[in-house]
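In what follows, a structure is listed as C-alpha cells, so that the remarks can point back to it.
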C-alpha cells in the first residue's frame, strides 16, 4: 500500500518537529500495512483534530502526547481564536455530501472574519476549504480558500456545424486535439504562442511573479493533469430565449477545463505561507489564514491572483484559437466562467464583500456559466438566478464521490473502455481515476440547484483528451 511521506503530513496539517517524526514512524507499523494512503491520512487528521482521544492508543499514543504539547505551546502565539459557533451554513444536496466535508466547511464558518458560508451540491473534501465551498469575508482574502489552481475555468466555443460532423470526422478531430493541446504537470508547447498577458507589469513589480515568468511563458496555452480536459462534443440549445440569438438545436462544441498552471501554484504557495506566518490560527484552521486587503501583502496577492486568472483565460483563448483555426471555423459564441478565485461583490446585507469560490461557479442574476458532468455525462450551459443563500453561486461540476486512490483500487482500464464504448465516447489519455463512475450523478446535482441556475443548453462529450493517468 502507498507509503505516508513527510509531504503528506505537512499537507494535512502537521508541523515540522517531534510529532511529525513520530507519526511517520507510527505509520510504518504492521497494523497499518493494509491501509491505503487516504485511510491513513483520515486517521491522522482525526489525531490532529483531537489528540487527547489517542492518548491510550498503543501505536499513536506517543504522537498524540507530542501533538498536545505542541498545541499548548502554540496557544501562546495563536491570534485570533475561532468563534465558538460557526455561521449558519446553507448546504445544497446535503444528502450526498460526506460529514467530513461539512465539518471542514463548518470550521471555515467559525473564522472571525467570515460573514457568509455555503456548500454546493458537488462538494467533497479538499484542503483549506472543501471543493464546492463558498465563503464571504468583509475585507480579507484567504489564499488557500482560493486554492492552488487559481482562476481554473471552463470555456465553451460553439460552431455552426451539425451533430453529424463529429461522427464523420472523428479521426481528424482526434488528430486536431493531439496536435493542438498539451497536457500534464510541467508540460508546455515547444514553441509557445505569445500573448499580451505575458507583458503585464506585475511580472516586473512582484518578486514571486517575476521568478515565475519563464514557467508561465513555457506553459501558456497548455492544460494541467487531473480532471483537466479539452473535448469535442455536441451542444444542444434548449432555451428559445437564449442570449446568443440562435434557434434551439444541435451544434458542434469545444469544451475546455484547466487553470493557471505553474504560475497559479507558485503564487498560491508563496502567499499562503505569508498568510500563515502573519495569522496564527488553531491547527484545524491553519491553512485558512488570511491577508487584509488594506495590507501590503494582501494588495500584492490580489494583483497576483488577478493576473493568474487572466493567464488562465489566456490559456483557454489559445486552446480555442488553435482548434478553431484547424476547423476552419469561427465560433458562433463563447461562454467562459471561472472558479478557484475571490471576487469583490455586493450582497444585500453588505455593500462590499470578498467571495471565495473554491470549486464553485459564479451565479449572479443573468451570469452565464458551464457546469460539466463527466466523460460520458452531459455538461450544462446555465444562467444564474442570483440566490443570496448560496452567495450567488452554484456547483462547478458533478463532484467526486470517490478519491483517486479508491478509483484505482476499484476499477480497471477494461471497465473504463466498456463504459466509454457504451456512450460512444473516444478518450485520448485519461485513466480510471477520472472514470465516470467516480463522479456523482450530474442530473441529481442539477436538481439540487434548481433554485440557483436555469439551464440554457447541454454539452455532450464525444472526443475527450486528458493527461495520462
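Summary table below
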item	result
Cα long-axis angle, helix 261-278 against the chain (0 to 90 degrees, to the nearest 10)	30 degrees
Folded to 0 to 90 degrees: helix 61-75 orientation relative to the chain principal axis, Cα	90 degrees
When the range 278-372 is reduced to its Cα atoms, the Kirkwood hydrodynamic radius in Å	16.4 Å
q = 0.15, 0.21, 0.23, 0.28 Å⁻¹, the range 6-75: log10 I(q)/I(0) [Debye, one scatterer per Cα]	-0.42, -0.85, -1.03, -1.54
Separation between Cα centres of the range 434-466 and the range 123-180, rounded to whole Å	12 Å
Relative contact order %, the range 153-468, counting alpha carbon pairs below 8 Å whose residues are six or more apart	23 percent
Protection-proxy order for peptides 172-183, 434-445, 137-148, 417-428, each taking the mean of Cβ atoms within 10 Å per residue, highest first	137-148, 434-445, 172-183, 417-428
Where only C-alpha atoms are counted, convex hull volume of the range 134-246 per residue in Å³	202 Å³
Share of Cα-Cα pairs in the range 330-469 lying beyond 20 Å, as whole percent	52 percent
For the range 317-341 and the range 357-398, distance of Cα centres in Å	19 Å
Spacing of the two label points (7 Å from each Cα toward its C-beta) at residue 405 and residue 205, in nm	4.3 nm
Proxy reagent accessibility, fewest Cβ within 10 Å first, across 301, 55	55, 301
With Cα atoms, 0 to 90° folded angle of helix 37-49 axis to the chain main axis	50 degrees
324, 46, 414 arranged by Cβ crowding within 10 Å, fewest neighbours leading	414, 46, 324
Scattering curve values for the range 241-283, log₁₀ I(q)/I(0), Debye with Cα scatterers, q = 0.16, 0.34 Å⁻¹	-0.65, -1.12
Sorted peptide list for 155-167, 105-117, criterion being average Cβ within 10 angstrom, highest first	105-117, 155-167
Shape box of the range 208-300 [Cα atoms, principal axes, largest first, Å]	55, 32, 26
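Coordinate-derived values only; no laboratory data. In this text, all values refer to a predicted model and were calculated from it rather than measured experimentally. Cβ coordinates were reconstructed from backbone atoms using ideal geometry, including for glycine residues, and neighbour counts include every protein chain displayed.
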